[in-house]
Amino acid sequence: MLSHMQQYQQGHHQASALDEVSDKTEAYFETLQLLERMHRLMLDLVKDEFERLQRHELTPVQALIIYNLGESEVTAGELRSRGMYQGSNVSYNLKKLVAMGYIHHERCDLDRRSVRVRLTDSGQEVRQMVQDLFLRHAEGLAMSGILDDPPLDQVNMQSKRIERFWTEQIRYIY
């Protein structure tokens, strides 16, 4: 049988553990909101840049597809599986980008149902515009010291762990 002091200490320890879980849960919820807001802000930054450059034909999502495709030549399915595109309407955006001349597509020799895509010269120009925008932001953030505390590589490492956890949750939920 536990003494009153031991019962008090055990109860206090359990309450502290619950408080810690609650604090981490609140921080996690805040992280989820920040991720969503940051993604929307990134799309707004790309949109503003393209408006400034008088490039109104592209949506920010299409510009990011072009940016993420880079030098790769992949199938439409690989765009999603490699993390180059996160949306659900990849076919629509690819058709638009092909029609606008930013992406070249051709049927695969082995599997005629599959289409491989890569950037055209126009697509490479758009990719460079997005890269220049991101480089300006990276330089500004580095000079401001915002990326120093905590170091961005540590933040990225934790984000990758969360990504891996989410992927496992999706993969193993029946």
How large is ³J(HN,Hα), in whole Hz, for each residue of segment 155-167 in order, when computed from phi with the Karplus curve 6.51 cos²θ - 1.76 cosθ + 1.60 and θ = phi - 60°, using x for Gly and Pro? 4, 4, 4, 5, 4, 5, 5, 5, 4, 5, 4, 4, 4
Around PHE50, with a cut-off of 13 angstrom between Cβ atoms, what is the net charge of the other residues, counting Lys and Arg +1 and Asp and Glu -1? -3
Just to check I understand the Karplus step: with θ = phi - 60° and J = 6.51 cos²θ - 1.76 cosθ + 1.60, what whole-Hz values come out for segment 33-48, glycine and proline as x? 5, 5, 4, 5, 5, 5, 4, 5, 5, 4, 4, 5, 4, 5, 4, 4
Label-reachable residues, segment 71-86, where backbone N falls under 20 Å from a point 7 Å from ASN156's Cα toward its Cβ: 71-72, 82-86
Across segment 91-102, in residue order, what do the Karplus-derived ³J(HN,Hα) couplings come to in whole Hz, using 6.51 cos²θ - 1.76 cosθ + 1.60 with θ = phi - 60° and x for Gly and Pro? 4, 4, 5, 5, 4, 5, 5, 5, 4, 7, x, 8
Counting alpha carbon pairs within less than 8 Å and at least 6 residues apart, what relative contact order, in whole percent, applies to segment 7-172? 18 percent
Within 10 Å, count the other beta carbons around each residue, average over each peptide in 161-172, 39-50, 61-72, and list them highest first. 61-72, 39-50, 161-172
What nm value, rounded to one decimal, do you get for the distance between ARG37 and ARG107 when each label is placed 7 Å out toward the C-beta? 5.0 nm
For the pair TRP166 and ARG55, how long in nm is the line joining their label points, each one 7 Å along Cα→Cβ? 2.6 nm
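We did not get these values from a lab; they are worked out from the coordinates using the rules stated. Because the structure is predicted, anything quoted here is derived from the model rather than measured. Heads up, the Cβs are rebuilt from the backbone with ideal geometry, glycines too, and the neighbour counts pull from every protein chain shown.
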